[in-house]
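The values are calculated or read from the model by the stated rules, or taken from the named source; none is laboratory data. What you are looking at is a predicted structure, and each value in this text was computed from that prediction instead of being measured. Heads up, the Cβs are rebuilt from the backbone with ideal geometry, glycines too, and the neighbour counts pull from every protein chain shown. Calculation scope for accessible area: heavy atoms of the full protein, side chains included, ligands and nucleic acids excluded. Shrake-Rupley method; radii C 1.70, N 1.55, O 1.52, S 1.80 Å.
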Protein chains: 2
Amino acid sequence: MVARQQITPVLRRLGSTRTAANLTRLAVALPQSVSRTATARCFTTSPARLFHRTAPAAAVQGKFTSETYPDIKRDPRFAQLTPDHVTFFRDLLGSDSAVIDSVTSADAADDIEPFNTDWMRKYRGHCKLVLKPATTEDVSKILKYCNDNMLAVVPQGGNTGLVGGSVPVFDEIVINMSRMNQILDFDEVSGTLVAEAGCILEVADQFLASKGYIFPLDLGAKGSCHIGGNVSTNAGGLRLLRYGSLHGTVLGLEAVLADGTVVDDLCRLRKNNTGYDLKQLFIGAEGTIGIVTKVSIQCPQRSPAQNVAFFGLESFDHVQRAFRAAKGQLSEILSAFELMDEGSQALVRQVTGNQRPLEAEYPFYCLVETSGSNADHDAEKLQAFLEDVMDKGVVADGTLAQDETQIRALWAWREGITEALSHLGGTYKYDVSIPLKELYQLVEDTRARVDAAGLLGDSDEFPVRAVVGYGHMGDANLHLNVSTRRMDPRVEAVLEPFIYEWIAERQGSISAEHGLGVMKKKFIGYSRNPTMVGLMKGIKKTFDPNGILNPYKYL
Amino acid sequence: MVARQQITPVLRRLGSTRTAANLTRLAVALPQSVSRTATARCFTTSPARLFHRTAPAAAVQGKFTSETYPDIKRDPRFAQLTPDHVTFFRDLLGSDSAVIDSVTSADAADDIEPFNTDWMRKYRGHCKLVLKPATTEDVSKILKYCNDNMLAVVPQGGNTGLVGGSVPVFDEIVINMSRMNQILDFDEVSGTLVAEAGCILEVADQFLASKGYIFPLDLGAKGSCHIGGNVSTNAGGLRLLRYGSLHGTVLGLEAVLADGTVVDDLCRLRKNNTGYDLKQLFIGAEGTIGIVTKVSIQCPQRSPAQNVAFFGLESFDHVQRAFRAAKGQLSEILSAFELMDEGSQALVRQVTGNQRPLEAEYPFYCLVETSGSNADHDAEKLQAFLEDVMDKGVVADGTLAQDETQIRALWAWREGITEALSHLGGTYKYDVSIPLKELYQLVEDTRARVDAAGLLGDSDEFPVRAVVGYGHMGDANLHLNVSTRRMDPRVEAVLEPFIYEWIAERQGSISAEHGLGVMKKKFIGYSRNPTMVGLMKGIKKTFDPNGILNPYKYL
């Protein structure tokens, strides 16, 4: 337990004895389409199960999804693209830049490649035609034609997804939404924003910032991702604890069904109890029942004050107590509560060489962020909270960022974990949600299991270096990471299906925020029972009877 | 404009010169099943269009819904109840109290009446059988039997709805959920509550209060309504501005489909991106696609500090500016922003005789409530906000409640409006949502139209006494009320379809928070286009092919 008199020095530690610079040395080569800031966060929200190596990107790029997943076969019901099809689309969209075609022009293959491949270069399709509609009417006419001619399509936003949902598997036509990128309306009194689906999240947020508002979603890929894609994947991100999910903040949307029917549900009202809330089906549907073309969303006021504290704690029980205390005492200003275990922080330290925020090591660390309208009030609440949790021994040590640079430095200890892991070899990654009480138990049980199998150790003879856990404590969203020295089939055999079964037994989710895509299509049964999957298939059939929308994925 | 030095006396006015007692004299005879507190609020959220008079309740009770709506015919596909059916249900449910049957026993007619009639006694069915299942399995077996035998049913929670959705029209079996009233689980760290559908909202909230949490929904009928009914009607209530809609806070639910299939989607996680979010369809479906049996909901921390201020303002433009300022400066502690026009307050004053909170009269009044974790901080924020809006002339005058009694007294000026109206004669009521900018324009346009028709005036020759508006400014939810001296067909002809068309032109909602039920089934087209209604009918058909669930309503 830390006595009260120790707190002020603790709170001032970062300000007095450390420079921000030595806390922000995390940097890796990033894919060009994603901004640095963006990717730093994107890395923290990695795919549920992804063995990724530090092999050159080009080598990874070579592999087609159809090779990685040989069980997936092209659906023979779908037509092959012909020059006649291309002519139709060229006539429809007019502008040359709206059609990228390697059906009639072999030269276009290079131009098409970025649309065929996700930013991780883990998925790669065989698409030969990219269409960039400029209006909802364009989307409608494209889909009607595709539906009539049995041409499969993949809706594509910023292509920042992590499960292969936004790139083709075979020769599906990519319908890229980047030209539909306008902000259409903003009501400064209610905070309701209406924008086209291809509007980039950061653009929308910067527009809102100029009005004193904030987009109620923040995630790493904000510099590239589209709000239509965010809605279609029900993106979670960093503000969920504070602003809730898109199911609550999206007020309305416009979408085009497979047959070209435009569903105009672009409601701008917070309340509208007139029938089934259809828009909810499109939120998180990954483009399988329609293409979202416009979004209306409720935006909160921007908070001028922000604080970040970083704690060391003795056990996961202490973490839970700290979280409860933060919710109670920081209450309306709490905007993030992130969890990191010692293993994850040791890896960041090992890779970056940065000095740790706290002097001693603890089994657990938490990052607590507040966002509020009054800096003095927030500081006072935070100070009182810190004194309380330290007096009671809930928190063993802590430090508080003194400025924006230090805020970013502390966040780097959380956001840099996945990057650090990627420097050390392969990683089995699981992005899961588990009821909070047992959140960390999965890490301990997995570690014990790997250890019992003789696979975990400090020397090179053991394939597994570490089993670590971190994530969004506030959302009960855990990132379980198994860091390995080399591929070893024994490791995967120990991990799966053990982890999926463990999660299913606790009614957890095998995909907390990334969706299903290609990657987790076959795992849905661990989080949804056959009755629900059956109902979902019924909905898919109702909205897209020919199955042309984003095939080979989701269900 | 009020000079800064006037503010402190203004803020203290209630504390120094008025007793709380003279502000809380609103009281009317209330239906027994609804507590006084509950009903006071329920009255403020009245049906969208309801001409109600002060006639004795018994007289109103006499009229069957089938007489009020002669166009609705009993669906001949549904079977008539027989003693054999009753025997099946008695054998199934065991306990005598679980079956109220006037099929085989004429004596039970009186016992059945409360289940046949809504609390306003505006709707009345011909039901002869009430079933009270104790478990999900009971519900499942009941529905399977009903579906197999083409027996129509009405799911019924606390029966506090306002649109006739929870009572039968003809001889539908009432499935009353009151025996499934248990709180099943609460996670004190995450704030996740799991409870049966028949759990009364106030019971759940009191349980949560003991844990330092709050139910993220508050409404007048809390003493009677069931959380399953709240979810099924997507209840809005008083905390929506702060905690958002049930589409965001409900984490999961269990429901039974028409054929008895149990849909177990009782997820307790904030994040679960594995397939279409089916639970969203049940939220606000009014029991037409399944019966909600259990609910899992995310509950926020309870705020220990509460403040209420009451303003006078010179125009609706000033109201919008005040709302914007409140959102910006009170930000995270703002929990309600209610609007009342002078006409509505004059009626309250006329009926109650109470002294007004402010000395002068203004065209508009607002009630602003804050809820926060630190009373001092909140008071400081509120004081700064008040000084700002008064200095800038946004608010002409204001007063701040000094204690809980005064808080209730100020709320009474908002919550007492509908009661006051009901004492003065008939009222045409419209519960609507309109984009905020034009929220009050509907009242002015309606008033001008009624006036132009020569129907509005101060003396008895005019059928209309006043056209007033009030409501949840924070949710863009307006209650337009046309107070009349007597029924006059010219009034309705002037009001409709004018009001519905006015709302439709602005993409407003003809039912902001009360749902459709019997009352607004035929008006859905004003707020939803044929494409959406068609999709909704497809969903209804998928989930309830025989249409046995809550027929004659909703779509």
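Results, tabulated for the structure shown:
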read-out	value
Relative contact order (%) - the stretch B:461-555, alpha-carbon pairs under 8 angstrom, separation at least six	20 percent
Rg/Rg_ref, the stretch B:218-285, where Rg_ref = 2.2 N^0.38 Å and atoms are Cα	1.17
Shape call, the stretch A:281-392: gyration tensor on alpha carbons, a/c limit 1.5	oblate
Selection from B:Thr293, B:Gly275, B:Ser303 lying farthest towards where the dipole of the stretch B:264-308 points positive, charges on Cβ	B:Ser303
Distances in nm from B:Glu505 to the matching label points in the other copies, shortest first (labels 7 Å along Cα to Cβ)	6.4
Solvent-accessible area lost in complex, 30 Å² minimum, residues of the stretch B:465-494 relative to chain alone, 1.4 Å	B:Asp475
Average Cα contact separation per residue, chain A, under 8 Å, 6 or more apart, as relative contact order %	19 percent
Inter-copy spacing of B:Thr82 label points, which lie 7 Å from Cα along Cα→Cβ, given in nm from shortest upward	6.1
In range of the label at A:Asn529: residues from the stretch B:128-143 whose backbone nitrogen is under 11 Å from the point 7 Å along Cα→Cβ	B:137
Charge dipole (chain B, unit charges on Cβ, about Cα centre) - positive-most of B:Val467, B:Leu246, B:Phe186	B:Val467
Amide N of the stretch B:176-203 lying under 14 Å from the label point, which is placed 7 angstrom from the Cα of B:Asp96 along Cα→Cβ	none
Degrees between helix B:530-543 axis and first principal axis of chain B (Cα, 0 to 90, nearest 10)	40 degrees
Once the Cα gyration tensor of the stretch A:428-488 is diagonalised, semi-axes √(5λ) in Å	24, 11, 7
Cα long-axis angle, helix A:342-352 against chain A (0 to 90 degrees, to the nearest 10)	80 degrees
20 Å reach of a label modelled at B:Ala360, 7 Å along Cα-to-Cβ, counting backbone N of the stretch B:399-419	B:399-400
Chains A and B, summed buried accessible surface - 1.4 Å probe, Å², nearest 100	7400 Å²
Cβ charges +1 (Lys, Arg) and -1 (Asp, Glu), total dipole of the protein assembly as shown, debye	380 debye
At 1.002 mPa s and 20 °C, Stokes diffusion of the protein assembly as shown via Kirkwood alpha-carbon radius, µm² per second	70 µm²/s
Anchor A:Lys132: lysines whose Cα lies under 24 Å away (excluding residues fewer than 8 positions away in-chain)	A:Lys122, A:Lys141, A:Lys144, A:Lys222, A:Lys279, A:Lys294, A:Lys553
Alpha-carbon centroids, the stretch B:414-480 and the stretch A:396-458: separation in whole Å	58 Å
Axis-proximal residue, chain A, for the rotation superposing A on B (Cβ, Å)	A:Gly248, 1
Per residue accessible area of chain B, 1.4 Å probe, in Å²	34 Å²
Cα shape, the stretch A:157-230, gyration tensor, a/c 1.5 rule	prolate
Inverse mean reciprocal Cα-Cα distance (Kirkwood Rh) of the stretch B:406-555, Å	17.1 Å
Value of Rg/Rh across the stretch A:161-292 [Cα atoms, Kirkwood radius]	0.94
Per-residue ³J(HN,Hα) for the stretch A:206-213, Karplus 6.51 cos²θ - 1.76 cosθ + 1.60, θ = phi - 60°, Hz, x for Gly and Pro	5, 4, 5, 4, 5, 9, x, 10
Shape call, the stretch A:373-420: gyration tensor on alpha carbons, a/c limit 1.5	oblate
Percentage, to the nearest whole number, of Cα pairs in the stretch A:362-446 over 23 Å apart	42 percent
Dipole magnitude of chain B, debye to nearest 20 (Cβ charges: Lys/Arg +1, Asp/Glu -1, about Cα centre)	440 debye
In degrees, nearest ten, helix B:404-415 long axis to first principal axis of chain B (Cα)	70 degrees
The stretch A:329-384-the stretch A:485-513 distance, computed between alpha-carbon centres (Å)	28 Å
Percentage relative contact order, the stretch B:109-204, counting C-alpha pairs under 8 Å, at least six apart	29 percent
Long-range HN-HN contacts of A:Ile283 with modeled amide H, under 5 Å	none
Label-to-label distance, nm, for residues given as B:Ala106 and A:His423 (7 Å Cα→Cβ offset)	8.9 nm
Other-copy label distances relative to B:Arg486, 7 angstrom Cα-Cβ extension, nm	9.9
Estimated FRET transfer efficiency when R0 is 25 angstrom, pair B:Gln441-A:Asp185 (beta carbons, to 0.05)	0.90
Size-normalised alpha-carbon gyration radius of chain A, reference 2.2 N^0.38 Å	0.98
Charge dipole (debye, nearest 20) of the stretch B:263-394; +1 at Cβ of Lys and Arg, -1 at Cβ of Asp and Glu	620 debye
Residue among A:Gly416, B:Ser527, B:Gln350 farthest towards the positive dipole end of the protein assembly as shown, charges placed on Cβ	B:Ser527
